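In what follows, a structure is listed as structure tokens, so that the remarks can point back to it.
Since every read-out is calculated from the coordinates, none of them should be taken as a lab result. This one's a predicted model, so the numbers in the text were calculated from it and none came from an experiment. Positions of Cβ are backbone-derived with ideal geometry, glycine not excepted, and every protein chain shown enters the neighbour counts.
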Amino acid sequence: MSRIWLLRVVSCLLIICSAVVHADLIMSAPPRESKQEGERVYAPLAQHLSQLLGKSVVYQHPQSWREYEKKMKNDEYDIVFDGPHFAAWRIRHLGAKPLVKLSGSLQFVLLTAQDDERIKTPDDLFGQMICTLPAPNLGALTLFAMFPNPARQPKYKIIDGGFKEAAVAFMKGECRGLIIRSAFYRKSSNEELRNRTRILRRSVALTNQGITSSTRITSAERDKIIHSLTKGETSTLPILQRFQSKTASFEPAQTLDYEDHNLLQDNSIFGW
């Protein structure tokens, strides 16, 4: 009897736990950090939103980009912080609502070596190697969009890590082209990179990273979140310090901010 009773208790607990999990709102972000670092950056905001909404908001760290894409496309995330190309796709296909965004914009520069006289325009990189982060990083999608003709494509060297690692690979001579964010290129610490390169093309500036919500978040809940996160809420500091250290708070986002940003679907190489 005791064993049967124990099994019943365990079964009940599993049912209860399952119900709690399904009742949670799931918050996520791309797996650009380790799981530990992701928890440090995003979990404080999830905890704040739990208190703000009176619901359990849980930060869920994706194990890989593939998992992130799959769960995003399946509409498994309720609150997401990521780039404008992801947000634009969710707004169009899942009815997601933009809440807040970082100030400024995201722009990328395509570089080549200062002394590489054979590379004068992006077209001269046809058949040549370009260092880039892996898709669906916005820099990679921006790069792919620069070469819409499938018959005249460069080669892509995929660099794990961030723009720093991509720049190092380029400086070592592993590529004849490099795509990085313009803000990274302008950083004072990258003076050597600027001295040794020249810009072939600047991308169109897109809306900065931001937070969107699924249709499961009510209009009243969205208003609460927007009001809170645009007033210097301290739980957002790890995110701001990670991506925009001189900014004190998010700013409101509008659907119009994401028009023509759907590089996930409209890209000739990496298209959904």
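Please give the helix 2-23 orientation as an angle from the longest Cα principal axis of the chain, in degrees from 0 to 90, rounded to the nearest 10. Taking Cα atoms only, the helix is inclined about 50 degrees. Put in line by how crowded their Cβ is, counting other Cβ atoms within 10 Å and starting with the fewest, ILE179, ILE226 read ILE226, ILE179. In this structure, the residue pairs whose Cα-Cα separation is over 18 Å, taken from LYS101/LYS246; LYS101/LYS231; LYS55/LYS224; LYS35/LYS157; LYS101/LYS224; LYS164/LYS187, are LYS35/LYS157. The charge dipole of the chain, taken about its Cα centre with unit charges on the Cβ atoms of Lys, Arg (+1), Asp and Glu (-1) only, comes to about 220 debye. Taking the Cα centre of the range 108-203 as origin and assigning +1 to Lys and Arg Cβ atoms and -1 to Asp and Glu Cβ atoms, the resulting dipole is close to 200 debye. The value for the chain of Rg(Cα) / (2.2 N^0.38 Å) is 1.16. Once amide H atoms are placed 1.01 Å from N in the peptide plane, what residues at a sequence separation of 5 or more from LEU25, or on another chain, have their amide H within under 5 Å of its amide H? Under 5 Å from the amide H of LEU25 lie the amide H atoms of SER56, VAL57, VAL58, each far enough along the sequence or on another chain. Charge tally for GLN107 (other residues, Cβ to Cβ under 12 Å; Lys, Arg +1; Asp, Glu -1): +4.
When the charge dipole of the range 108-203 is built from unit charges on Cβ atoms (+1 for Lys and Arg, -1 for Asp and Glu) and taken about the Cα centre, the candidate among PRO148, VAL168, LEU133 whose Cα reaches farthest toward its positive end is PRO148. As a proxy for reagent exposure, ranking VAL58, VAL168 by other Cβ atoms within 10 Å from fewest up yields VAL168, VAL58. Shape class of the range 108-203 from the alpha-carbon gyration tensor: oblate, with a/c at 1.5 or above and b/c at least as large as a/b.
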